[in-house]
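Notes follow once the structure below has been shown.
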Amino acid sequence: MWPSPYSHIRASRYIPPPALNRPVVLDAEIRYEPFDDQPSTVGYFHATYRDQGAGVLDMDHVLLDTRGLEGSEDWSGSFIGTSFTFTDNAELRTLEGDPRFFFDDARSPQAHGTGTEEWGGGGDYWGGQTVTLPFVGHPVGAPTPGDALDSNDLVHSAYRFLLADLFPFGKNARIQLEHGGVNDMFERYRTIAYWYGLPAASLVKSDELHIGDAASEQAHHYLSPEATPAQVLTSSYELGPEEAQFVRYTRGTSEFTLTIRPDNQGVMVRRVLDYGMPHQRALVSVADGEASEPMWEQAGTWYLAGSTTFYHSFPTGELAPPSPVILTSKRRFREDEFLVPRRLTQGRKLVRIRVKFEQVDRPLLPGLPPPQSAWSEISYAVYCWVEPQFNLTTATSMDASDP
């Protein structure tokens, strides 16, 4: 049973299934303990159910999208798991679909799996077996339609519970699953997403620099002496249509100033970039943006491995030598994030950020030369972690709107 914080209770209801034709004796015990901390430090437990039906070609199943739920666009909380059925016909190939999780306005997924059965704790369709473990499992379903004794055996389900590895979010969360390798299978999914949430933001966007926009670059005191002129790149993110954005590339340094909230508990800088440049790494330094002379302090290394160029290898046999085939994706837009610690941001209204490119000499395959790269910049947005604006009056108002 998930812990369920509450401020007040009107009633608890247990609704019997429609097919129940005789009384069932139910014994229940409610245990509770006082909560003495601030209401803004804990979230309400949610279990969001959706009957996905057969799905739509080329569109993910959306298990959870917190935007607009219970009348609130903003939510702070944690995504803590799923349970779901994914076929009524013992058709396990639908599990080739990827899990994709987006948090806090992201357009690139912060979590992206290679298949749904791995999310449920088992590669190769759990080896044709049922599995029930504490945090992952595939509890029901016949391996093939021919193994089913009746129609119930054709229904398959899986689950994944997150405790130590939960996903926090400060503004919104969107949890998605592909159905089939490219959203091209149409088994019926029924899904539950488990999460904690408060209807208030704890991650607030405070500023954004748009590269190639002269007014934005000037307002943010953008300085990048070795950068290329701004040029238009037409491409797309992992999901979505093509679009055009300005981009610059540098093998030197870039500096810019961003506005933040003084009451922040740390900040997140999100960069939009051209992922066609491999292994983009930079040393990040931060200074007070209001100081006449910056006193730089190192904040860490910002590194995004890989690129749109990759390889697949399909040897002819288990012990055969590799046979790599190099491929390049046309989807070059990505987002990547860097966390700036509170000691460098708290109490400041402006931060000056400097990124210094560092070449990574790593070949794609043994025997190939290391590719040349550069730091790419399309935009920088800054988000501040803050105390959510939530109190028991807010909670009462939210509960009153849910009859």
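The table below lists the values:
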quantity: Selection from region 299-348 of residues that are of a type in the set (D, E, K, R), at pLDDT 95 or above and surrounded by fewer than 14 Cβ atoms within 10 Å (Cβ to Cβ); calculated: LYS330, ARG342, ARG343
quantity: Contacts under 7 angstrom Cβ, first residue in region 217-233 being assigned by TED's automatic domain parsing to the domain that holds THR259 and β-branched (Val, Ile, Thr), partner at pLDDT below 95 and surrounded by 14 or more Cβ atoms within 10 Å (Cβ to Cβ), 6 or more apart; calculated: none
quantity: Residue check for ALA381: among the small types (Gly, Ala, Ser) and not in a loop (DSSP other than H, G, I, E, B); calculated: yes
quantity: Complete set of residues in region 135-170 that are of a type in the set (Phe, Trp, Tyr) and surrounded by fewer than 16 Cβ atoms within 10 Å (Cβ to Cβ); calculated: PHE135
quantity: Those strands (runs of 3 or more DSSP E) lying entirely in region 212-283 with at least 1 residues closer than 27 Å to PRO99 by Cα; calculated: 231-235, 243-250, 267-274
quantity: Matching option when the condition is assigned by TED's automatic domain parsing to the domain that holds THR66 and more than 17 Å from LEU92 (Cα to Cα), among LEU154, LEU209, LEU162; calculated: LEU162
quantity: Candidate set: region 32-53, residues that are out of contact with any strand residue (DSSP E or B) (no Cβ under 7 Å at 6 or more places or on another chain) and surrounded by 11 or more Cβ atoms within 10 Å (Cβ to Cβ); chosen: the one modelled with the highest pLDDT; calculated: GLY53
quantity: Residue match in region 253-265 (condition: aromatic (Phe, Trp, Tyr), within 15 Å of LYS356 (Cα to Cα) and touching a residue at least 12 places away in the same chain (Cβ under 8 Å)); calculated: yes
quantity: Qualifying residue in region 70-86 (condition: modelled with pLDDT of 95 or more, closer than 26 Å to GLU187 by Cβ, more than 21 Å from the chain's Cα centre (by Cα) and assigned to a loop (DSSP other than H, G, I, E, B)); calculated: no
quantity: Close pairs from region 49-76: first touching a residue at least 40 places away in the same chain (Cβ under 8 Å), partner loosely packed, with under 14 Cβ neighbours inside 10 Å and small (Gly, Ala, Ser), Cβ under 6 Å, at least 6 apart; calculated: GLY71/SER401
quantity: Residues within region 53-69 that are under 16 Å from the mean Cα position of the chain (by Cα) and part of a loop (DSSP other than H, G, I, E, B), tallied; calculated: 3
quantity: Pick from region 369-395, criterion at pLDDT 95 or above and of a type in the set (A, V, I, L, M), ranking: farthest from the chain's Cα centre (by Cα); calculated: ALA374
quantity: Residue check, GLU217 surrounded by 15 or more Cβ atoms within 10 Å (Cβ to Cβ) and acidic (Asp, Glu); calculated: yes
quantity: Residues (of a type in the set (D, E, K, R) and more than 27 Å from SER307 (Cα to Cα)) located in region 257-295; calculated: ARG261, ASP263, ASP288, GLU290, GLU293
quantity: Region 79-134 - residue that is more than 30 Å from ALA381 (Cα to Cα) and of a type in the set (D, E, K, R) and, of those, surrounded by the fewest Cβ atoms within 10 Å (Cβ to Cβ); calculated: ASP124
quantity: Residues of region 349-377 classified as in contact (Cβ under 8 Å) with a residue 40 or more places away in the chain and either surrounded by fewer than 16 Cβ atoms within 10 Å (Cβ to Cβ) or not acidic (Asp, Glu) (or both), total; calculated: 19
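The values are calculated or read from the model by the stated rules, or taken from the named source; none is laboratory data. The shown structure was predicted, so the numbers you read here are calculated from the model rather than taken from an experiment. Virtual Cβ from ideal backbone geometry, glycine too; neighbours counted across all protein chains shown.
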